[in-house]
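The values are calculated or read from the model by the stated rules, or taken from the named source; none is laboratory data. Small disclaimer: the values here were computed from a predicted structure and weren't measured. Cβ atoms come from the backbone with ideal geometry, glycine included; neighbour counts cover every protein chain shown.
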Amino acid sequence: MTAVPASRSEFVRIRGLRYHVRRWGDPRQPLLILGHGFLDASATFAPLVPPLLDVCQVLMPDWRGLGYTQWPVDGYWFADYVADLDALVEHYAGESAPLWLAGHSMGAQVASLYAGLRPERVSRLILLDGLFTPDMPPTLAADRYRRWLRQLRLPMRAKTYASFEALAERIRLQHPQLSVAQALFVARGWAADDGRGRVRLLADPRHRLNMPTLYRAAESMAIWRQIRAPTLFIDGSASNLHALISAEERAARRACFAQREESIVEGAGHMLHFDAPQRTGERMADFLRR
């Protein structure tokens, strides 16, 4: 595994939570804020960063309840991620010139909504294998609420493993394309020593709750139509998420972005930063350079 650049960690107060933010690059460079996906963490994106550092500095938060960011007491509601990003932009960019924004998977949904809600703040937008959540009809509402209420009564404990190596073995079952060294790198980004001889996943186990709210694609599309920023979609050719929606639905969603480009990373799956970090980072850098 090639060497990855060291980052600088900061902890800032964001909407009542102690947020962990990882930073790479020269702070005098243009600012790119990059959001990771569900149950991931900023640490695992380090191999993607080097091609970007000639173009920008990279700021990457751990979303609430993930990585080293504090766990909220009231669970996880999607709008809070968007509000957290809004507060992070205000903290780091203030009222300065528009910034660059990127996101992977869940982070792509967060970034795209922010870019439509605050179109004046975003001058470039990059979406990494995202916006594939299926639309949810109202008929699902009652069952989702009942399941959520049942789950709230269950104990939720952070999962532990005997060692980072044991966690890396588990990661390779889900991501067999990773080498032993790559899987160990990811394990160290997802977990920490628990002080009792084991390692504990950093993600709040309440992320496993099935929240009762429904995803309404029409609501997202209405917001996406307000985006002004040129947008680059980067997809993995072997991503298993593409099958979640039809080709027609995918085209309709992307048509909401008035200025858009699409790029396919051949041989890469959904986790572009695992499978092809160098190629993905280079495509991001090329787009931002323009």
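Taking the conditions (1) assigned to a helix (DSSP H, G or I); (2) closer than 30 Å to Arg157 by Cα; (3) in contact with a helix residue (DSSP H, G or I) (Cβ under 9 Å, 6 or more places away or on another chain) in turn, Glu282 satisfies each one other than (2).
Name the residue, out of Ser112, Ser179, that is out of contact with any Lys or Arg (no Cβ under 8 Å at 6 or more places or on another chain), hydroxyl-bearing (Ser, Thr, Tyr) and crowded, with 18+ Cβ neighbours inside 10 Å.
Ser112
For region 129-161, which residues satisfy the criterion of being among the β-branched types (Val, Ile, Thr), over 27 Å from the mean Cα position of the chain (by Cα) and assigned to a loop (DSSP other than H, G, I, E, B)? Within region 129-161, no residue meets the criteria.
The residues of region 81-97 that are in contact with a Pro (Cβ under 9 Å, 6 or more places away or on another chain) and surrounded by fewer than 18 Cβ atoms within 10 Å (Cβ to Cβ) amount to a single one, Ala97. Restricted to region 218-249, and to residues that are under 27 Å from Leu152 (Cβ atoms) and touching a residue at least 12 places away in the same chain (Cβ under 8 Å), which residue is surrounded by the fewest Cβ atoms within 10 Å (Cβ to Cβ)? Per the criteria, the residue is Leu244. Pairs meeting the criteria (first residue in region 178-201 and assigned to a helix (DSSP H, G or I), second residue polar (S, T, N, Q) and modelled with pLDDT of 95 or more, beta carbons under 6 Å, at least 6 apart or on different chains) are Val186/Thr44; Gly189/Thr44.
Screening the candidates Tyr92, Tyr76 for the property of being touching a helix residue (DSSP H, G or I) at 6+ places or on another chain (Cβ under 9 Å), in contact (Cβ under 8 Å) with a residue 60 or more places away in the chain and either over 19 Å from Leu117 (Cβ atoms) or not hydrophobic (A, V, I, L, M, F, W, C) (or both) yields one hit, Tyr76.
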